[in-house]
1. Can you tell me which residue in region 144-159 is surrounded by the most Cβ atoms within 10 Å (Cβ to Cβ), limited to those that are among the polar types (S, T, N, Q) and under 18 Å from the mean Cα position of the chain (by Cα)?
2. Could you tell me which residue of region 186-196 is least open to solvent (accessible area, probe 1.4 Å), considering only residues that are assigned to a helix (DSSP H, G or I) and in contact with a Ser or Thr (Cβ under 9 Å, 6 or more places away or on another chain)?
3. Condition test on S301, is it within 18 Å of K78 (Cα to Cα) and not in a loop (DSSP other than H, G, I, E, B)?
4. Output the number of residues of region 106-119 satisfying the condition of being closer than 11 Å to A144 by Cβ and open to solvent by 40 Å² or more (accessible area, probe 1.4 Å).
5. Considering only region 78-90, I want to know if a residue exists there that is among the hydroxyl-bearing types (S, T, Y), in contact (Cβ under 8 Å) with a residue 60 or more places away in the chain and within 28 Å of E147 (Cβ to Cβ).
6. Looking only at region 74-105, count how many residues are buried (at least 18 other Cβ atoms within 10 Å of the Cβ), in contact with a helix residue (DSSP H, G or I) (Cβ under 6 Å, 6 or more places away or on another chain), more than 19 Å from G122 (Cβ to Cβ) and not charged (D, E, K, R).
7. Of all residues in region 158-169, count the ones that are touching a residue at least 60 places away in the same chain (Cβ under 8 Å) and out of contact with any helix residue (DSSP H, G or I) (no Cβ under 8 Å at 6 or more places or on another chain).
8. Would region 130-143 turn up any residue that is in a loop (DSSP other than H, G, I, E, B), on the phi < 0 side of the Ramachandran plot and surrounded by 21 or more Cβ atoms within 10 Å (Cβ to Cβ)?
Amino acid sequence: MPHSPDRNNDSILSTRFGMSRRDLMRLTAVGGVVFASGLPGRRLAAATDDFYFVQLSDLHWGFADPKVNPDTKASLEKAIAAVNAVSPQPDFIVFTGDLTHLTKDPAERRKRMTEVKAMLGGLANQNHLYLAGEHDAGADHGAAFLETFGKLNYTFDHKGLHFIALDNVSDPQPQLGEAQLEWLAADLKGRDPAAPIVVLAHRPLFDLKPEWDWATKDGAKAVAMLQSFQHVTVFYGHVHQELSHQDGNVLHISARSAMYPLPSPPTPGKKAPLPWDASASDHGIGWRVVATGSEPLKLESHPTV
């Protein structure tokens, strides 16, 4: 993982967010941009170097329904342009799954992956980390994703943070599987319990709404391993909205989709994309900035308009 030059975090906040660290922590929402600042217990450790990354999720390239999104290409192009306008640029960009929309045709699946990867080539920052979603990997156990984007699960370290990317989509069950759980246990063995960990996944690792496939059957086993560590944050996609769930030492945070929103978990009945409201200023789609450092974790949500 290439590193961007180290920068002072106050400088990043004042330049990127247009406010000081103190101002940021006083805010909860401004003009549709939501800040989750000073989250309880979410100190990523004083030893962590300050940096930030961008999270994009659920691009669903190949999705077509004008009642839900009348111009899917424009939505993705606007998100790319917005991220390109960020200054300074993030250290990297994380894509937490469903880069493409489900198709049973293997040729079409590969075509969509090639197309979306080419579009993402328009990002000024080419430090990309890809995770598969079930739309990408569920039909072929991740074969096309592996060919186009690389590994389904992996780890890396960046400026004092240990990142773990999990695959809870290539097995249709859906589950992580014993082999991956053993791999996770081996990775965590001997690590400092005070050292911060960031987990990346597509589906939630807890039972958010199993009847909508918003769960991982053996996710609780992974979460149990992570409970030994004092600072764990899980960033996931799949549910097309921003939700947070605290489970002991593990905080789970979901992301908006870049393509279309889904109903909130209490909604009864079947899961279905929410219709497009042309008069709305926020269509429920967008991307996120995650800022780290010695202060509590900062999240900044950007709607695509």
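The values are calculated or read from the model by the stated rules, or taken from the named source; none is laboratory data. Values in this document were obtained by computation on a predicted structure and should not be read as measured data. Every residue, glycine as well, gets a Cβ built from its backbone with ideal geometry; the counts of neighbours run over all protein chains shown. Side chains included, ligands, DNA and RNA excluded: accessible areas come from the protein's heavy atoms. Shrake-Rupley method; radii C 1.70, N 1.55, O 1.52, S 1.80 Å.
1. N153
2. Taking the candidates together, the pick is L188.
3. yes
4. 6
5. no
6. The total comes to 1.
7. The number of residues fulfilling the criteria is 4.
8. yes
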